[in-house]
2 protein chains.
Amino acid sequence: MNSKCLVIMLMATLAGSICKAQTGTGEIKEDFRSSSLNQPGQEYPQVNSQGYARFRIKATKSDSIRVTLGLGGRGGTKLVKGTDGYFSGTTEGSMDEGFHYYHLIVDGGIFNDPGTLNYYGSTRWESGIEIPAHDQDFYALKDVPHGNVQQILFPSKSTNTQRRAFVYTPPGYDKERSKKYPVLYLQHGWGEDETAWSNQGHANLIMDNLIAEGKIKPFIIVMTYGMTNDIKMKPGGLRDFKIDAFEAVLTDELVPYVDANFRTVADRAHRAMAGLSMGGMETHLITLAKPDEFAYYGLLSGGIYTPAELKDKPKAKLIFISCGSKENPAGVNNAAAALKEAGYNAVSFISENTAHEFLTWRRSLKELAPLLFKD
Amino acid sequence: MNSKCLVIMLMATLAGSICKAQTGTGEIKEDFRSSSLNQPGQEYPQVNSQGYARFRIKATKSDSIRVTLGLGGRGGTKLVKGTDGYFSGTTEGSMDEGFHYYHLIVDGGIFNDPGTLNYYGSTRWESGIEIPAHDQDFYALKDVPHGNVQQILFPSKSTNTQRRAFVYTPPGYDKERSKKYPVLYLQHGWGEDETAWSNQGHANLIMDNLIAEGKIKPFIIVMTYGMTNDIKMKPGGLRDFKIDAFEAVLTDELVPYVDANFRTVADRAHRAMAGLSMGGMETHLITLAKPDEFAYYGLLSGGIYTPAELKDKPKAKLIFISCGSKENPAGVNNAAAALKEAGYNAVSFISENTAHEFLTWRRSLKELAPLLFKD
């Protein structure tokens with residue numbers, strides 16, 4: 001698959017995943033509770049044990065409010081105005097488990113739900129809601145030693161700015177002052193930014209929990225903004241995506257800065273790159289263009305590698321390819337099989353009952369992390 | 001002044017500072033530019049060189065949109081609907097320099113301006129706008145060495161949670177591995193949270209710039225959530241404010257955690273506490289209740305100390321009291337004079353032409369920092 005095809009596939013998947021819910025069957029259980037992503041003290045939105053979401057918005061003089069979550073293709077959930085001036089409504093069906101972005105259309109204008117926290121996606125801060133997943137324990141905040149997420153500002157000559165990145169350092173990093181750590185560079189998707197993996201992805205909690213259970217050797221994660229060329233305003237911009245600008249920031253500026261300012265093992269064998277969706281596309285392009293930079297590759301709902309394009313390059317220690325079962329699982333599994341057949345250490349992972357959304361990527365990180373830096 | 005009086009004073013000031021603008025005189029200059037706090041790619045809101053703010057919101061089918069910024073007491077700025085379905089309007093007068101929280105009233109409902117970034121204040125994520133200040137250079141993002149802002153999660157037995165704090169470590173902290181640093185514990189105001197001082201306060205940039213200019217010796221800043229009892233939903237809750245819960249989190253849990261996990265000089269002489277508004281009230285109560293814990297005290301628009309209440313306690317190395325010139329400058333200056341008269345090292349600072357808002361506190365931090373940990 002060439003990058004043009006990949007771009008079109010990613011864009012189609014993104015577009016298709018904006019409104020997502022199962023067809024409703026049977027009775028709605030009245031065990032609704034506030035979503036875990038609500039702002040302090042806010043009762044709504046709520047979620048029930050079947051994964052239905054319920055919304056309630058005050059707008060006494062408004063004529064219409066619609067929520068962009070609900071049944072795909074039917075324009076989301078239309079709220080109904082009550083005599084008390086509150087609009088309310090419930091999704092027609094149960095939602096996929098995990099995190100969903102959404103917003104409101106209030107009398108023709110786009111606004112966020114004042115009840116929820118905001119998450120950067122679709123190049124804007126969107127409302128977020130969490131449908132509790134049956135396996136949510138692996139990204140839960142627990143009473144275990146916690147690593148830190150540091151905001152760093154690094155100088156970037158190529159863009160003439162001070163750029164922001166977030167760096168996860170594992171528990172004990174500040175105490176074990178002579179120890180050096182491998183590093184995973186982990187990219188967000190189109191329309192998101194460097195906050196995504198720790199905010200909606202819970203990458204830090206996934207790591208804390210894996211480390212507490214002794215399932216991985218601690219490593220550092222670095223997350224920065226990947227939309228360095230002018231693609232941020234419209235998805236169509238991805239068609240003209242060029243990797244050069246971001247590649248320069250990442251490999252010429254950020255990697256050296258991290259190696260100089262954190263206790264890293266600063267070589268290829270201890271450096272990984274992975275990304276979700278567009279971040280997978282970036283990982284694919286950069287690992288092929290700079291094969292001496294990273295030894296572990298991860299594409300999370302972000303395309304595949306073919307044996308042909310890897311030929312004659314320094315061999316990756318691991319090629320991890322994943323997606324949700326509602327995306328293109330056959331494509332991912334077939335790609336991994338072809339790579340294995342050609343002698344590569346390829347691993348595929350399919351997240352059950354999820355689409356192009358963050359639960360797919362949380363689970364992917366959980367599967368990827370134990371495979372990294374094994375020797 | 002006892003705490004009841006202080007609480008009422010703080011609440012009155014908070015209420016009065018919600019809508020703030022000078023009376024308009026003369027012509028409005030048409031040199032409007034996007035506010036520096038806009039979301040990526042968003043043109044509005046805009047600000048002109050006189051400090052007027054202009055808003056533009058799409059809501060084709062809405063009847064009325066009002067912005068809670070404008071002339072105090074007149075209910076903010078009413079936007080007018082154009083034939084293109086966009087509402088627009090300009091504040092009646094110029095706004096105070098610096099950062100302002102606001103939100104929209106859209107057809108009777110409270111929503112944020114989709115054009116701006118959000119900042120936690122008034123117990124909700126609010127829209128933010130920045131009127132460029134004539135002295136904004138001291139908190140600008142410059143090409144100087146930058147410290148990091150780390151999110152830490154620390155165990156809290158008294159509240160049975162893993163609590164969040166942000167820790168500013170100065171440039172060089174990770175390189176100079178044997179150096180130990182003093183610590184300032186810095187608190188937000190009512191309705192804000194632990195994100196306030198680095199997001200809207202730019203505490204990290206103020207420190208980076210002071211350090212780059214050689215004006216201060218580097219120290220660590222720790223910022224955590226101070227509304228630990230149930231006061232978060234309504235300002236009236238402050239009347240029943242009890243410090244015990246937060247005092248336990250801060251002095252029994254957070255200070256020991258920071259001393260164990262960061263390279264601090266872990267004694268009273270190298271520990272300061274300061275806070276803005278309600279955070280000043282907390283500083284006042286905790287430094288009096290635990291006089292062996294902190295040696296430097298800072299109240300930023302957050303009340304005063306009297307010689308009587310400090311009598312017979314270990315002497316503070318510094319008492320810093322500040323406010324905006326539109327608050328109670330005489331009260332602050334008189335309090336400092338009385339403390340000096342009684343033999344205390346007291347310093348007052350008045351921020352010119354600002355009220356109970358963040359420019360007052362950015363400037364206060366800039367003045368306070370060089371006075372800390374001098375011996």
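The values are calculated or read from the model by the stated rules, or taken from the named source; none is laboratory data. Computed from a predicted model, the values in this text were never measured in an experiment. Quick reminder, even Gly has a Cβ in these numbers, built from the backbone with ideal geometry, and neighbours come from all protein chains shown. The protein model used for the area step is the full one, side chains on, heavy atoms only, and it has no ligands, DNA or RNA in it. Shrake-Rupley method; radii C 1.70, N 1.55, O 1.52, S 1.80 Å.
Residues of segment B:31-79 that become at least 20 Å² less accessible with every protein chain present than in their own chain isolated, using 1.4 Å: which are they? Relative to the lone chain, where solvent access is computed with a 1.4 Å probe, segment B:31-79 loses at least 20 Å² at B:Gln39, B:Pro40, B:Gly41, B:Lys58, B:Ala59, B:Lys61, B:Asp63.
The percentage of C-alpha pairs in segment A:305-375 whose separation is greater than 17 Å is 45%. Quick check: net charge around A:Ser158, other residues with Cβ under 12 Å of its Cβ, Lys/Arg +1 and Asp/Glu -1? Taking every Cβ under 12 Å from that of A:Ser158, the sum is -2.
Measuring nothing but how far apart in sequence close Cα pairs (under 8 Å, 6+ apart) lie, relative to its length, chain A scores a relative contact order of 14 percent.
Carbon-plus-sulfur accessible fraction, chain B (probe radius 1.4 Å, protein heavy atoms only): 50%. Rolling a 1.4 Å probe over the heavy atoms of the protein chains gives segment B:138-371 an accessible area of 34 Å² per residue. Amide hydrogen proximity for A:Gly191: with H placed 1.01 Å from N in the peptide plane, the residues at 5 or more positions away or on another chain lying under 5 Å are A:Thr123. Which residue fluctuates the most in chain A, going by a Gaussian network model with Cα springs under 10 Å, if the choices are A:Gly115, A:Gly226, A:Gly85? The residue that fluctuates most here is A:Gly85. Placing +1 on the Cβ of every Lys and Arg and -1 on the Cβ of every Asp and Glu, with no other charges, gives chain A a dipole of roughly 380 debye about its Cα centre. Our compactness index for segment A:75-163, the C-alpha radius of gyration over the empirical 2.2 N^0.38 Å, is 1.56. Axis angle, to the nearest 10 degrees, between helix A:358-368 and the longest C-alpha principal axis of chain A: 30 degrees. With the highest mean first, a sort of the peptides A:288-300, B:38-50 on other beta-carbon atoms found within 10 angstrom per residue produces A:288-300, B:38-50.
Distances between copies of B:Lys61, taken at a point 7 Å out from Cα along the Cα→Cβ vector and listed shortest first: 1.8 nm.
Peptide A:123-130 shows a mean partner chain C-beta count of 2 within 10 Å per residue C-beta. Classify the protein assembly as shown as rounded, prolate or oblate from the Cα gyration tensor: take a ≥ b ≥ c as the square roots of its eigenvalues, call it rounded if a/c is under 1.5, otherwise prolate when a/b beats b/c and oblate if not. Here the protein assembly as shown falls in the oblate category. Of the whole protein surface, B:Trp125 contributes about 50 Å² of accessible area at a 1.4 Å probe radius. Under a 5 Å amide H cut-off, with hydrogens placed 1.01 Å from N, A:Leu184 pairs with A:Ile220, A:Ile221, A:Val222, A:Ala272 among residues at least 5 apart or on other chains. Comparing A:Gln162, A:Tyr296, A:Gly189 along the charge dipole axis of segment A:138-371, the residue lying farthest to the positive side is A:Tyr296, per the Cβ-charge model. Starting from the label point of A:Glu213 at 7 Å along Cα→Cβ, the same points in the other copies fall at 5.1 nm, in ascending order. Dipole orientation for chain B: of the candidates B:His134, B:Gly75, B:Ile319, B:Ile319 has the Cα lying most toward the positive pole (charges on Cβ; Lys, Arg +1; Asp, Glu -1). Centre-to-centre, using Cα atoms only, segment B:91-135 and segment A:192-231 are separated by 31 Å. The local environment of B:Ala342, defined by Cβ-Cβ distances under 12 Å, has a net charge of +1 under the rule Lys, Arg +1 and Asp, Glu -1. In the elastic network of chain A, a GNM with C-alpha springs shorter than 10 Å, the most mobile of A:Gly93, A:Gly75, A:Gly128 is A:Gly75. Other residues whose C-beta falls under 13 angstrom from the C-beta of A:Glu43 contribute a net charge of +3, scoring Lys and Arg +1 and Asp and Glu -1. Our coupling estimate for segment A:184-190, obtained by passing each phi through the Karplus curve with A = 6.51, B = -1.76, C = 1.60 and θ = phi - 60°, is 9, 8, 10, 9, 7, x, 4 Hz, Gly and Pro reported as x. Chain B packed on chain A takes about 4000 Å² of accessible surface away from a 1.4 Å probe, both sides summed.
Computed from point charges on the beta carbon alone (+1 for Lys and Arg, -1 for Asp and Glu), the dipole magnitude for segment B:12-132 about its Cα centre is near 280 Debye. Take every DSSP beta bridge whose two residues both sit in chain A; close to 65 percent of them are antiparallel. Angle of helix A:329-341 to the longest C-alpha principal axis of chain A, folded into 0 to 90 degrees and rounded to 10: 10°. Evaluated at q = 0.22, 0.23 Å⁻¹, a Debye calculation over the C-alpha positions of segment A:19-132 (equal weights, vacuum) places log10 I(q)/I(0) at -1.32, -1.44. With 40 Å² as the minimum drop in accessible area between chain alone and full protein complex (1.4 Å probe), the qualifying residues in segment B:81-111 are B:Asp107, B:Gly108, B:Phe111.
In terms of its C-alpha gyration tensor, segment B:118-264 has an oblate overall shape, because the principal axis ratio a/c (a ≥ b ≥ c, square roots of the eigenvalues) is not below 1.5 and a/b does not outweigh b/c.
The phi-based Karplus calculation (6.51 cos²θ - 1.76 cosθ + 1.60; θ = phi - 60°) puts the 3J(HN,Hα) values of segment B:149-157 at 10, 9, 7, 10, 10, 10, x, 10, 5 Hz, whole numbers, x for Gly and Pro. If you average over every viewing direction, what projected area does the convex hull of the Cα atoms of chain B give, in nm²? Mean projected area for chain B: 19.6 nm², to one decimal.
Placing unit charges on the Cβ atoms only, positive for Lys and Arg and negative for Asp and Glu, gives the protein assembly as shown a dipole magnitude near 440 debye about its Cα centre.
Across segment A:256-263, computed HN-Hα scalar couplings (Karplus, 6.51 cos²θ - 1.76 cosθ + 1.60, θ = phi - 60°) run x, 5, 5, 5, 7, 10, 10, 8 Hz from first to last residue, x flagging Gly and Pro. For chain B, the longest principal axis of the C-alpha atoms and the axis of helix B:278-289 are separated by about 10°. The convex hull defined by the C-alpha atoms of segment B:112-174 has an orientation-averaged projected area of 7.4 nm². Backbone amide hydrogens, once placed in the peptide plane, bring A:Ala346 within less than 5 Å of A:Ile319, A:Lys340, excluding anything fewer than 5 places away on its chain. In the complete set of protein chains, residue-level accessible area for A:Thr60 is approximately 60 Å², probe 1.4 angstrom. Of the residues A:Ser64, A:Met95, A:Asn118, the one whose Cα sits farthest towards the positive end of the charge dipole of segment A:19-132 is A:Ser64 (charges of +1 on Lys and Arg Cβ, -1 on Asp and Glu Cβ, taken about the Cα centre). An ellipsoid equivalent to segment A:171-223, defined through the eigenvalues of its Cα gyration tensor, has semi-axes of 23, 13, 9 Å when rounded to whole angstrom and sorted largest first. Note the distances from A:Val265 to each other copy's matching label point, with points 7 Å along the Cα-to-beta-carbon direction, in nm, sorted shortest first. Label-point separations across copies, in nm and ascending: 3.8.
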